[in-house]
Amino acid sequence: MAHDVGFDMMVYARVDLMEKRQMRPKKSRTQVWRPHEENLGKRKEILGITLDQARNSSLGAYCWPQGFWADTNYLLDVPIILKEDDKGFKFDKIVKALYQEMSEYLDNERTNHVFRPFGCDMAFVDAKVNYKIMDELHRWWRKLGLDKDMELRYSTPTRFAKEMQ
């Protein structure tokens, strides 16, 4: 029924502790839900993704990765200095830390596609700030040569769901 009303996937930020303990060894954060096949066949399915997995990892979170919280309402990682010649510049280290975290995350996945939200629901006050940071993330990702090992893409939940299909 969820598929019939336009849902492409369901993203869960939290799951029961017992379910989480079963998911980790099976590498099963992503699953396809189908109704009873005897009634509807395989025509109706929904991609389900559980984000709340890694205790000390920002990748298990629903909002920005560590080091990237810089929207007007969320100033946890401000200032993010993007000028290389500034003495406070450390953006390259933040990008490397994200790469390391993504690598560890992928080691515990059955798929090579990972959905990583970059901001909380309805939290953007000034999207230009976030897009500037994401543009710089992509630029530094390439500059550091990380793109040779792992592709980073702008996406939407719908595009991700279609890629997973």
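Read-outs throughout are calculated quantities, based only on the coordinates presented, and are distinct from any laboratory measurement. In this text the structure is predicted, and so the values were computed from the model without any measurement.
The table for this structure:
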quantity	calculated
Sequence-distant residues sharing a close amide H with Y12 (under 5 Å, placed H)	I49, T50, L51
Stretch gain in nm, segment E104-Q66, where the contour uses 0.36 nm per residue and the Cα spacing is subtracted	12.2 nm
For the range 104-162, fraction of C-alpha pairs farther apart than 12 Å, in %	75 percent
